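Asks: Attaching a single structure in structure tokens format; questions to follow.
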Amino acid sequence: MRQLKRWGPGLLLVSPSIILVGVFVYGLIGRNIWTSLGRRTDYVTDRVLNPGGYLNYVQLLSDPRYHHALWNLLVLTVVFVAGTMFFGLLWALLLEKGVTAEGVFRSILLLPMAVSFIAAGVVWRWLLSPAQGADQAIGLNQLFLKLGMPGLQSAWWSDPGPFAMAAMAVPAIWQLSGYVMALFLAGFRGISDDQREAARVDGATEWRIYRHILFPQLSPVALSALIIVGHMSMKMFDLIYSIAGSNSYTAEVPATLMWIQLFPQSDPIAAATNATVLLTIVALVVIPYLVHTHRSERGDR
């Protein structure tokens with residue numbers, strides 16, 4: 001009874017949030033999984049479209065189109081994560097060393113994050129236009145022509161090779177590198193200046209200070225940044241949709257394939273199966289990080 005009096009007011013206060021999360025997050029996840037196990041038959045031809053149960057997952061995972069979407073997702077994720085981590089750390093290093101009007105530079109670098117993926121995608125679709133030649137080139141291809149470097153013209157996201165997804169990652173890198181920069185800059189500013197001064201007194205060079213003192217202490221920040229941008233790339237839909245369109249096989253990833261399955265193909269079971277697989281992939285990345293963070297916090301206590 002005493003425990004109820006102690007926890008009762010707090011539980012009552014958060015109960016609306018618990019109910020909403022339970023219904024609209026976990027409830028809908030459960031409904032999606034249930035839908036993914038359904039069976040569907042074409043009543044005109046009597047052909048089984050979705051065999052039902054785990055066979056729906058076997059059918060999806062053996063589909064060459066889904067393999068293509070997963071490969072595109074892998075290329076996009078690798079380029080996107082590597083690009084945001086590189087530029088985020090680089091900009092954080094430059095700002096951490098101290099520059100004039102640092103607040104202005106921080107605002108400029110963070111501004112792209114305030115732009116929606118749809119709005120950014122509309123602009124980048126023009127910049128990354130695959131049209132080439134003196135009469136048709138626009139965006140970056142036209143810029144290369146004006147600079148006298150026509151050899152740098154590219155088909156960008158419409159290229160049939162892996163370069164398509166690498167080009168698709170460029171707008172995402174532009175948009176989220178500032179966020180990673182803010183994370184690393186906060187990590188740098190959280191390290192006491194006394195550690196640097198002590199190292200300088202001992203004769204350590206600036207490179208050794210960063211290599212052996214500062215960078216090791218940034219590993220939790222780097223891990224957080226990797227998880228955040230990594231799971232964002234796996235779920236990316238709006239940027240790809242706004243640049244490549246609704247039915248681009250070349251730039252297709254599981255999220256855009258899900259849209260095609262649900263609407264043009266009118267196959268909610270296949271779309272639910274795709275969504276469940278994508279959720280599982282994201283969970284395999286995020287859950288170990290959450291467990292690690294929870295154990296670290298308990299250890300600190």
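The values are calculated or read from the model by the stated rules, or taken from the named source; none is laboratory data. Here the structure is a predicted model, which is why all the values come from computation and not from measurement. Neighbour counts are summed over all protein chains in view; Cβ atoms, including those assigned to glycine, are modelled from backbone coordinates with ideal geometry. Remember, those area values only see protein heavy atoms, side chains included, never the ligands or the DNA or RNA. Shrake-Rupley method; radii C 1.70, N 1.55, O 1.52, S 1.80 Å.
Asks: In sequence order, what are the phi-derived ³J(HN,Hα) couplings for segment 152-165 according to the Karplus relation 6.51 cos²θ - 1.76 cosθ + 1.60 with θ = phi - 60°, rounded to whole Hz, with x for glycine and proline?
Replies: 8, 4, 9, 7, 6, 5, 8, 5, x, x, x, 4, 4, 6
Asks: Among the trypsin sites (Lys or Arg not before Pro) in segment 1-93, which ones are in a DSSP loop with at most 16 other Cβ atoms within 10 Å of the Cβ? Mind listing them?
Replies: Filter output for segment 1-93: ARG39.
Asks: Then there's this: For the pair ILE191 and TRP71, how long in nm is the line joining their label points, each one 7 Å along Cα→Cβ?
Replies: 4.1 nm
Asks: Separate question: So, counting K/R as plus one and D/E as minus one, what does the shell of residues with Cβ under 13 Å around SER266 add up to?
Replies: That works out to -1.
Asks: What spacing in nm lies between the two simple spin-label points modelled at ILE19 and VAL285, each 7 Å away from Cα in the Cβ direction?
Replies: Once both label points are built, they end up 3.5 nm from each other.
Asks: Next question, about the same structure. Multiply the residue gap between ILE108 and SER62 by 0.36 nm, knock off their C-alpha separation, and tell me the result in nm, one decimal place. If you can, show how the numbers build up before the last one.
Replies: Details: separation 46, 0.36 × 46 = 16.56 nm, distance 4.54 nm.
Full extension of this stretch gives 12.0 nm more.
Asks: So if each residue of separation counts as 0.36 nm, and I subtract the Cα-Cα distance between ILE29 and VAL78, what length gain in nm does that give?
Replies: 14.9 nm
Asks: Okay, next question. Ordered by residue, what ³J(HN,Hα) values in Hz, to whole numbers, does segment 25-39 give under the Karplus form 6.51 cos²θ - 1.76 cosθ + 1.60, where θ = phi - 60° and Gly and Pro are x?
Replies: Once θ is set to phi - 60°, the couplings for segment 25-39 become 10, 6, x, 6, 4, x, 5, 5, 5, 4, 5, 5, 9, x, 10 Hz.
Asks: Give me the net charge of ARG47's neighbourhood, meaning all other residues with Cβ under 14 Å from the Cβ of ARG47; Lys, Arg count +1, Asp, Glu -1.
Replies: With Lys, Arg at +1 and Asp, Glu at -1, the net is -1.
Asks: Among (i) 21.8; (ii) 22.9; (iii) 21.3, which one is Kirkwood radius over Cα pairs in Å computed from these coordinates?
Replies: Matching the structure shown: (ii).
Asks: Next question, about the same structure. Could you give the distance between the Cα centres of segment 180-259 and segment 82-156, to the whole Å?
Replies: 18 Å
Asks: How large, in percent, is the carbon and sulfur part of the accessible surface of the chain at a probe radius of 1.4 Å?
Replies: Within the chain, the accessible surface is 67 percent carbon and sulfur.
Asks: In addition: Which whole-number value in Å² is the accessible area per residue of the chain, probe 1.4 Å? Before the final figure, lay out the partial values.
Replies: Values: 17670 Å² over 301 residues.
Result: 59 Å² of accessible area for each residue.
Asks: What residues qualify as long-range amide H neighbours of ARG40, i.e. H under 5 Å apart, gap of 5 or more or another chain, H built at 1.01 Å from N?
Replies: Distant-sequence amide H within range of ARG40: LEU49, ASN50, GLY52.
Asks: Once label points are set 7 Å from the Cα along Cα→Cβ at both ASP135 and LEU49, what is their separation, rounded to one decimal in nm?
Replies: 4.5 nm
Asks: In whole Hz, what ³J(HN,Hα) sequence does segment 246-263 give by Karplus (6.51, -1.76, 1.60; θ = phi - 60°), x for Gly and Pro?
Replies: 7, 9, 9, 6, 4, 9, 6, 10, x, 5, 6, 5, 4, 4, 5, 5, 6, 9
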